[in-house]
Amino acid sequence: MCIRDRAWTLDISTLQMLLTCKITSLAYSYSDSFRKRESLMKYHQDHIVENLPNLFEYFSYLFFFPSVVAGPVYEFVDYAKFIEERDEYANVPSTVVPALKALSKNLIFLPLTIIVLPHFSIDFVITKEFENMSYISQYGYLLAVAMLLRCRYYSAWIFANTAAAISGFAYNGQSAKTKEHEWNKVVAADPTAEIQWTMKELVDKWNQSVQIWLKYQIYHRIVSDEELKKGSKKADFAQNATFLLSGFWHGVYPCYFIAFFYWSQLTTVSRALFRVRKNNPALDNIFFKLFDFILIRLFLNLGGIFFFQPNIEALFKYIQITYGRDIIGLAV
């Protein structure tokens, strides 16, 4: 995002963010063609670009209309298959019903964004009125405003999912088990992120196509699957580096770097809780899962203040008001 002090703005830099993903994905896919196939993970093998596209193909890939505003991000190989009507795109069924199904989700998120969100403001958390509220009321307000602000993103991504579906780009062939048509080839985001049990599951479905870009073009360029299986110490570095790069990708506000480092540590905590639950059968029950779910949501939403209020002075004011309880709590 462009730097605009004390403000969040949706402008041309949003398009530049998406273009960054597409350009770097194509560059990596082309560079992979010069590497030994056995040294690449399957995802990278499947998306190798042997020959660079001409200018017309390149710009059509970058500015494909259904995805140019809010995503989703996709690989050049998948785009080429769609344009040339190859593989699963050779016989795409009617797109009307899948598009309407995708659009119907905005019956929930669009009213929340248009009608309810204007009654809440992230700026309220640095006011004297907020400071005078009880701790429970403060947390309740923060949880509500963070959730409603996320609805703003979901409503845009649902329109993007609808565009991908109506164009047929989202078509992913028939399920091997159910034989039903699947429409999840390219997905901007999945609102069910809000009801996932762990931080990893939530992150994977939030801004889903960009998470795939971060996973395969950033994270797995630092640490391979083989290294992860061996318990490589590079895994923690790769995770932190990926989150911090995501912060830089969003913009150069210092608060973005704080937010994404905070969420990286929250992911580590969530992973530790998951391991404790799996290694102790007595704890692998619905009550511990609910504890994990509530704890992660609590700190996730509290960390949202760093992202949604990118002014560093406002952040320090917020920490002063709350005595840094959320930061200290995560550290503990």
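The values are calculated or read from the model by the stated rules, or taken from the named source; none is laboratory data. Only a predicted model underlies this, so the values are computations on that prediction, with no experimental measurement involved. Ideal geometry is used to build each Cβ from the backbone, glycine not excepted, and the neighbour counts take in all protein chains shown. For the accessible areas, the whole protein counts, side chains as well, though only heavy atoms, and no ligand, DNA or RNA atoms are used. Shrake-Rupley method; radii C 1.70, N 1.55, O 1.52, S 1.80 Å.
Calculate, for residue 200 and residue 276, the FRET efficiency according to 1/(1 + (r/R0)^6) with r their C-beta to C-beta distance and R0 22 Å; round to the nearest 0.05.
On the way: r = 15 Å, r/R0 = 0.68.
So, using R0 = 22 Å, E works out to roughly 0.90.
Efficiency by 1/(1 + (r/R0)^6): what FRET value for residue 135 and residue 23, r their Cβ-Cβ distance, R0 = 51 Å, to the nearest 0.05? Intermediate results must be reported in sequence, preceding the final value.
Details: r = 46 Å, r/R0 = 0.91.
That gives a FRET efficiency of 0.65.
With label points built 7 Å along Cα→Cβ from the Cα atoms of residue 100 and residue 51, find their separation and express it in nm.
4.3 nm
Nearest 0.05, what FRET efficiency do residue 290 and residue 108 give at R0 = 22 Å with Cβ-Cβ as r? Provide the component values of the computation, followed by the final result.
On the way: r = 23 Å, r/R0 = 1.05.
Plugging the Cβ-Cβ distance into 1/(1 + (r/R0)^6) gives 0.45.
So if each residue of separation counts as 0.36 nm, and I subtract the Cα-Cα distance between residue 320 and residue 43, what length gain in nm does that give? Spell out each step's value before the answer.
Working: separation 277, 0.36 × 277 = 99.72 nm, distance 4.59 nm.
The span from residue 320 to residue 43 would gain 95.1 nm if fully extended.
Who wins for biggest fluctuation among 40, 15, 290 in a Gaussian network model of the chain, springs between alpha carbons below 10 Å?
290
What does the accessible area per residue of the chain come to in Å², with a 1.4 Å probe and no ligands, DNA or RNA counted? Show your work: numbers first, answer last.
Values: 17540 Å² over 332 residues.
Here the residues of the chain average 53 Å² of exposed surface.
Could you look at the range 148-254 and say what percent of its accessible area is carbon and sulfur, using a 1.4 Å probe and all protein chains? Working shown, then result.
Working: 2930 of 5040 Å².
Solvent-exposed carbon and sulfur of the range 148-254 make up 58 percent of the total.
Between rounded, prolate and oblate, where does the range 174-238 land on the alpha carbon gyration tensor, with a ≥ b ≥ c its root eigenvalues, rounded for a/c under 1.5, else prolate if a/b exceeds b/c? Could the numbers behind the result be given before it?
Numbers: a/c = 2.15, a/b = 1.69, b/c = 1.27.
Here the range 174-238 falls in the prolate category.
Given springs between every Cα pair under 10 Å in a Gaussian network model of the chain, which of 303, 231, 173 has the largest fluctuation?
Highest fluctuation among the options: 231.
Given labels modelled 7 Å from the Cα in the Cβ direction, how far is it in nm from residue 178 to residue 33?
3.7 nm
Quick check on my link table: of 22/179; 81/185; 42/81; 200/278; 205/234, which ones sit more than 21 Å apart, alpha carbon to alpha carbon? It would help to have the intermediate numbers written out before the result.
Details: 22/179 31 Å; 81/185 12 Å; 42/81 18 Å; 200/278 15 Å; 205/234 24 Å.
With Cα atoms farther than 21 Å apart: 22/179; 205/234.
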